[in-house]
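The values are calculated or read from the model by the stated rules, or taken from the named source; none is laboratory data. On a predicted model such as this, the values are computed, not experimentally measured, just so you know. Note that each Cβ is placed from the backbone with ideal geometry, even for glycine, and that neighbours are counted across all protein chains shown.
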Amino acid sequence: MPKSKETVFIFFFFILLATASCTGKDSMPEQQVLPVELNDNAYLIVRLGDGYFSNIFRRVSSEEKRFSHSGIIHRVGEHYKVYHIEANELTGKGIVRDELLESFINHSKEWAIYTINAPDSIKVEIVRQASIFYESKIPFDLDFELTSDDKLYCSELVAKSINNAYGEELITPGRHIAGRLFFGLDDIYMHRLFHCIYDSRD
């Protein structure tokens, strides 16, 4: 393998491990009361995972290198769930998941929730776009390639759900890594579209 390709492979191998670092803990009980009241159709959530490799993925954010994973919160009856995607660190495989919010939070060292400053119709459409990826069982993108939607990584899932809902590229990738455009988590949550309503660090 040429040295340049080997470097790219090693880098993205560690990125893969980072996305999978938030696994292996039991979920919170469903009845646990969240520290913030939610009453909207959709929110953005970001977290720093509790695994060793989370710090690696955190460092590839464009500016604020704090979080390592993201998802879209949506309401299901009286509960909230999170559309997100991550890969198993042993197999490298994963698909878009629809996980209880409490369980998603339980895999976090710290986390934050953001409102989406958009009309309700757009919020509903963001959730619908994410649900399409979920129902299509889109696999995790080991290549971290933005040119197609047949595979996705976590921030790509969120960014493309938002952009598809708006019908334009509102969220843009802020990093070039190994010659490829890459969505850092802060390319999303630091966008003017979002406002933080809860930060576990505060």
Which numbered condition Val124 misses (of (1) under 16 Å from the mean Cα position of the chain (by Cα); (2) under 19 Å from Asn39 (Cβ atoms); (3) of a type in the set (Val, Ile, Thr)): (1)
Can you tell me which of (1) in contact (Cβ under 8 Å) with a residue 12 or more places away in the chain; (2) at negative phi; (3) not charged (D, E, K, R) is the one Phe144 doesn't meet? (2)
Asp186, sole failed condition from (1) at pLDDT 95 or above; (2) in a helix (DSSP H, G or I): (1)
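Is there a residue in the stretch 131-146 that is of a type in the set (Lys, Arg) and outside any loop (DSSP other than H, G, I, E, B)?
no
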Counting only residues that are under 15 Å from the mean Cα position of the chain (by Cα) and touching a residue at least 60 places away in the same chain (Cβ under 8 Å), the stretch 147-202 contains a total of 16
What about Thr172, is it in a loop (DSSP other than H, G, I, E, B), hydroxyl-bearing (Ser, Thr, Tyr) and either under 22 Å from Ser108 (Cβ atoms) or modelled with pLDDT under 95 (or both)? no
Which of the residues spanning the stretch 147-169 are assigned to a loop (DSSP other than H, G, I, E, B) and surrounded by fewer than 24 Cβ atoms within 10 Å (Cβ to Cβ)? Thr147, Ser148, Asp149, Asp150, Lys151, Gly167, Glu168, Glu169
Report yes if some residue within the stretch 68-80 is of a type in the set (Asp, Glu), under 19 Å from Phe144 (Cα atoms) and modelled with pLDDT of 75 or more; otherwise report no. no
Failed item in (1) under 22 Å from Lys151 (Cβ atoms); (2) modelled with pLDDT of 80 or more; (3) surrounded by fewer than 19 Cβ atoms within 10 Å (Cβ to Cβ); (4) not charged (D, E, K, R), with Asn88 passing the rest: (2)
Tally the residues that are of a type in the set (D, E, K, R), assigned to a strand (DSSP E or B) and crowded, with 18+ Cβ neighbours inside 10 Å, restricting the search to the stretch 91-130. 0
Return the residue satisfying two criteria in turn: it lies in the stretch 70-95 and is aliphatic (A, V, I, L, M) and touching a strand residue (DSSP E or B) at 6+ places or on another chain (Cβ under 6 Å), and of such residues it is farthest from Ala42 (Cα to Cα). Ala87
Mind checking whether some residue in the stretch 5-15 is crowded, with 18+ Cβ neighbours inside 10 Å, at pLDDT below 70 and outside any helix (DSSP H, G or I)? no
